[in-house]
Amino acid sequence: MSWYTFIGALEQGFVFGLMALGVYLTFRVLDFPDLSVDGTLPLGAAVCAAMISAGGNPFLAVAVAFAAGAAAGALTGLISTKLRILNLLAGILTMIALYSINIRIMGAPNLALLNQPTVFGRFHGFGVPSFAVPMIFCLVVVFACKVLLDLFLHTQYGLALRATGDNPSMVKSQGVNTDTAIIIGVALSNGLVAVSGALVAQSQGSADVGMGVGTIIAGLASVIIGEAFLGERSVLIATLGVIVGSVVYRLAIAAALSFRFGNLSLTPSDLNLITAALVVAALTFPTIRQRLRSRAIK
C-alpha cells in the first residue's frame with residue numbers, strides 16, 4: 001500500500017465515520033434497523049452538488065444536506081410509527097423513493113463538481129500538504145460530531161432515546177412518547193449520513209445516484225469492528241469504536257485491493273466479498289478471544 005493510498009483510506013475512514021455514527025444511532029441506540037441510509041447518503045451528495053453547481057456556499061450546502069437527510073429520516077420514522085409499517089420495510093420504501101428524488105435534484109444520474117469550490121479549498125495554504133487537507137478536515141469534523149452526539153445522548157432526551165431502544169414499554173410508562181423519540185433519532189441518524197454523503201461528493205468531485213449502494217453494510221461493518229476492538233462499555237467508548245471501526249474497515253479494504261499474489265489480485269468488484277469476510281471476522285473475534293482466555297486459565 002502506497003503512502004497516498006494510506007492517506008486516502010484514512011480520509012475515507014473519517015468521512016464515512018459520520019455515516020457509521022448515524023448507523024450506530026439507529027441500530028445500537030434505538031434498535032431500529034434503518035435501510036434508508038442507502039438513499040440518504042446520495043441524497044446529501046445530490047443536494048450538496050446541486051447547490052455548489054448553482055453557485056452556493058459549500059458550507060451552507062453541507063448544512064442543507066443535513067436538513068434534507070434529517071427530513072428523509074423523519075419520513076422513515078413517520079412511516080414506521082404512524083402508519084405502523086415494519087421498520088425494515090419503511091426504510092426500504094424511503095430508500096426507493098429517494099432514488100428518483102436524487103435524480104430530480106441533480107437533473108441527471110450524476111453531477112460533477114470539477115473546478116467548483118469545496119469546504120476543503122478554504123484550508124489550503126496553512127503549511128499542510130494539499131493531499132492531507134481533506135483527511136485532516138474530515139478528522140476534525142467526525143470527532144466534533146462524535147463529541148456532540150455523546151453530549152446529546154447524555155442529556156435527558158438522549159437518555160430517553162437510549163431507553164426507547166432498550167425497553168420501550170418502561171419508557172412509555174414514564175410518560176415518554178416513544179414514537180416521537182424514534183422519529184427524532186432516525187432523523188438525526190440520517191442527517192449525519194447525509195453530511196457524510198455531502199463531504200464524500202466534495203472529496204471525490206462528483207455525486208452519483210448509485211453511490212449509496214452498500215452503505216448500510218459498510219456502516220454495520222464499522223460498528224461491529226469497533227465493538228470487537230473497544231467493546232460497548234459506555235457511549236463514549238462505543239462512538240469512538242465506531243470511528244476506529246470505520247478507519248480499520250477502509251484500511252482493510254485498501255490493503256486487500258493492493259494485495260498481489262502472482263496473477264491473483266482483488267478488484268473493486270470484490271468489495272462485497274471483502275466486507276462479508278471482515279464482518280464475519282469481527283463477529284467471531286470476541287468468541288475466539290474468550291476461548292483463548294478460557295484455555296489460558298485452565
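The values are calculated or read from the model by the stated rules, or taken from the named source; none is laboratory data. Please read these numbers as outputs of a predicted model, since none were measured by experiment. Neighbour counts are summed over all protein chains in view; Cβ atoms, including those assigned to glycine, are modelled from backbone coordinates with ideal geometry.
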Q | Residues located in region 71-85, provided they are among the charged types (D, E, K, R) and either touching a residue at least 12 places away in the same chain (Cβ under 8 Å) or assigned to a helix (DSSP H, G or I) (or both) | A | 82
Q | Given (1) surrounded by fewer than 24 Cβ atoms within 10 Å (Cβ to Cβ); (2) outside any loop (DSSP other than H, G, I, E, B); (3) in contact (Cβ under 8 Å) with a residue 12 or more places away in the chain, index of the condition residue 20 fails | A | (1)
Q) Taking region 205-223 on its own, how many of its residues are more than 15 Å from residue 13 (Cβ to Cβ) and part of a helix (DSSP H, G or I)? A) 3
Q. From 30, 75, 86, 35, which residue is over 16 Å from residue 203 (Cβ atoms) and at pLDDT 95 or above?
A. 75
Q: Could you list all residues from region 230-267 that are touching a helix residue (DSSP H, G or I) at 6+ places or on another chain (Cβ under 6 Å) and among the aromatic types (Phe, Trp, Tyr)?
A: 249
Q: Considering every residue within region 172-184, establish whether at least one is buried (at least 24 other Cβ atoms within 10 Å of the Cβ), within 17 Å of the chain's Cα centre (by Cα) and assigned to a helix (DSSP H, G or I).
A: no
Q. When residues of region 23-62 are filtered for being outside any helix (DSSP H, G or I) and of a type in the set (A, V, I, L, M, F, W, C), how many remain?
A. 4
(Q) Pairs please, first residue from region 122-149 and without any contact (Cβ under 8 Å) to a residue 40 or more places away in the chain, second anywhere and part of a loop (DSSP other than H, G, I, E, B) and exposed (fewer than 12 other Cβ atoms within 10 Å of the Cβ), Cβ atoms under 8 Å, 6+ apart in sequence or on different chains. (A) 130/124; 133/124
